[in-house]
1. Near LYS116, which aspartates and glutamates are there with a Cα under 15 Å away, not counting those fewer than 8 places off in the same chain?
2. Compute the relative contact order of the chain as a whole-number percentage, counting only Cα pairs closer than 8 Å that sit 6 or more residues apart in sequence.
3. Using Cβ counts within 10 Å as a stand-in for footprinting exposure, how do ILE398, ILE58, ILE33 rank, fewest first?
4. Under 16 Å Cα-Cα from LYS288, which aspartates and glutamates qualify once same-chain neighbours fewer than 8 residues away are excluded?
5. Based on other C-beta atoms within 10 Å, arrange LYS508, LYS591, LYS275 from fewest to most.
6. Count charges around VAL406 for me, please; just the other residues with Cβ under 11 Å from its Cβ, Lys/Arg as +1, Asp/Glu as -1.
7. Angle, helix 298-314 long axis vs. longest principal axis of the chain, Cα atoms, 0 to 90°, nearest 10?
8. Show the residues, 5+ positions off or on another chain, whose built amide H is closer than 5 Å to the amide H of LEU232.
Amino acid sequence: MNGSADSDAAAPPNDQAAEQAALGAMLLSSDAITEVTATLALSDYYRPAHATIHSTIIAMHAAGLPVDPITVAAHLREAGDLNRVGGASYLHTLVQATPTAANGSYYAEIVADMAKQRRLIETGVRLITHGREGATGAEDIAARATAELATLGGAERWPDPIPLGTHAGLPVFPVSTLTPWVAEHVSAVAEFTQTPPDLAATMALAALATAAGGRVQVEIRPGWREQSNLYLVCAMPPASRKSDVFAAMTEPIYDVERQLQEESRARIVEAETEKEAALAEAEALMAKARKPGSTVDRTALVAEASAAKLLAEGIHVPPRPRLTVSGDITPEPLAQQLAVHRCLAALSPEGDLFDIIAGRYSAKPNLGVFLQAHKGERLQTDRITREQPSVDKPALTIGITPQPAVLQDLASTPGARDRGLLARFLYALPPSNLGYRKTRTTPVPRPVAQTYYARLTQLLHALYALPEPVTVPLTHSADRAVEGLQDEIETSLRPDRPLAHLPDWAGKVVGHTARVALLLHLADRATTDRWGHPVEETTVHRAAEITNYFTQHALAVFDLIASDPATDAAHVILDWLRRPKTDGTWRTTIKRRDAVAASRRFRTVAQVEPALVLLEAHGFLRTDVTPRTGRAGQPASATYRVHPSLREGSTDAS
């Protein structure tokens, strides 16, 4: 791998073979990913396609996703970059071009050296241009040359850190995990509207949960059941075409609701007429009983009137069928509607529901109905109805697409975090395509739209007609898969792990996974009568991939709304790192115990570990390779290198 691999002798220094080998090593080994990214920045690649592949790999690795040619190809395909980088076959070419993954750092050094040579040449050209133009004096040119050459002289280059409150490289919704008839429609709608697939996929799950929520439940193992309703939110800025996507994904729901109402109208009118006639007969008998005169047998008339009234009360007038409620319904009417219908969905392309939850129309927030209707806990209140003072196993589905700022308002609602409301939502925070959207796009193919409409309609009708809720079990292997997820989540809650500051949200991830698995199971069998069969292991794995996506986005959302102590602690540590030490020097490295000294609020290392993990994820810190202590199994305390910009106090992390 000597010199340039480009056949053009005039090309800048580059080594294509080394670039391919570095990427191939990353595709073969997770250790190589760490080694290569410690040496290479995206700007070091000569071929832009290689930088795209590198960026995808590190984003997937940071999200905890498996990295290999097949998974990376799928990720690139979903992002629309696969053909641009050479197709799936090129990823296999990268692997074949790698002699051994163990030499990943060596290949990376070759690529970095070539990049340094290119920057030296670019620097020389710029300095020559300045000299010829005479725009600045010789001293200024010399000073500039000294500064630029010093930058290129071997000092480690750090990319700009990501400000706290924003996240780069959040995963794209794994559309391929959805049932094909759902996935195809999601992809087609996303392409037509030029929106991230996350938006359509989130509303697709909301549509499935509308059909199944409360009508079907999943039994993970004896004593542990989960309903199939979900609370879903996909936050995007204005002008993101949320309403268009919302309409495309929910149209069958409202059509089925109107159809059910039309079909029931005659039955309702008949029952109302029968009831009114029975009440009128009872009232007529009572009117006779009230007439004066000894010829009237009042006792017999009262008995007949009572019997007629009892008959009238026994006539059931079926309610007007409903699948949905408006997105601006207040808690009291929602409780009343749940008392009548039990299973409902609050769907809206706006964030009005969050305003309602926050107490826009009341002196204080009323969270009870939203808390109980997620879990299916008994809902009891004097304000429901006199006829039905309680609701057994209510099931509310929420699917909304508000602006990100609305999430911050919800987080500030008293009790929203402490009582567990925020923990009940699955969050998506995709980037906006504004400024990058194509003007002319391909409409959703008619067969794709028709299949989605027909199968969702069939599922809505079939599940609405169930006389009683149905329980679907897991296979034995699926149960074991859920057990494995429980172990993973438990580990992630340790003090130094990513979910340590979100125990309330993380504590519901496995239950949410079971719910999503049930929805996938039902969608897979929408055209058959086999959806009562046990949920399989592969379905649980697909659901786990989806909830892993939501986990990464939840971390970003809770960072955005600053409702977790890790973000606050990270800001404190950043302020401390921006201040020089008492001797006027700057901190270039720290250990965890050093960070405890940043504020009196910290008492133990465990209190700062989540904040240090967050700062490392945002690029403010880098962990040095931890050496061994000499005692078996005892690594030394991690050392963090500090981003050079913090020594200047110039990085905005707010």
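1. ASP15, GLU19, ASP44, GLU148, GLU156
2. The normalised contact order for the chain reaches 15 percent.
3. Arranged by neighbour count, lowest to highest, ILE398, ILE58, ILE33 become ILE58, ILE33, ILE398.
4. ASP297, GLU304
5. In order of increasing Cβ crowding within 10 Å: LYS591, LYS275, LYS508.
6. Charge balance in the 11 Å sphere: -4.
7. That works out to roughly 20 degrees.
8. Counting only residues 5 or more places away or on other chains, the set is ILE398, GLY399, ILE400, LEU426.
Only the coordinates and a few stated rules stand behind these numbers; no lab work does. A quick note: this is a predicted structure, and the numbers were derived from the prediction, not measured. FYI the Cβ positions are ideal-geometry reconstructions off the backbone, even for glycines, and counts take in every protein chain you see.
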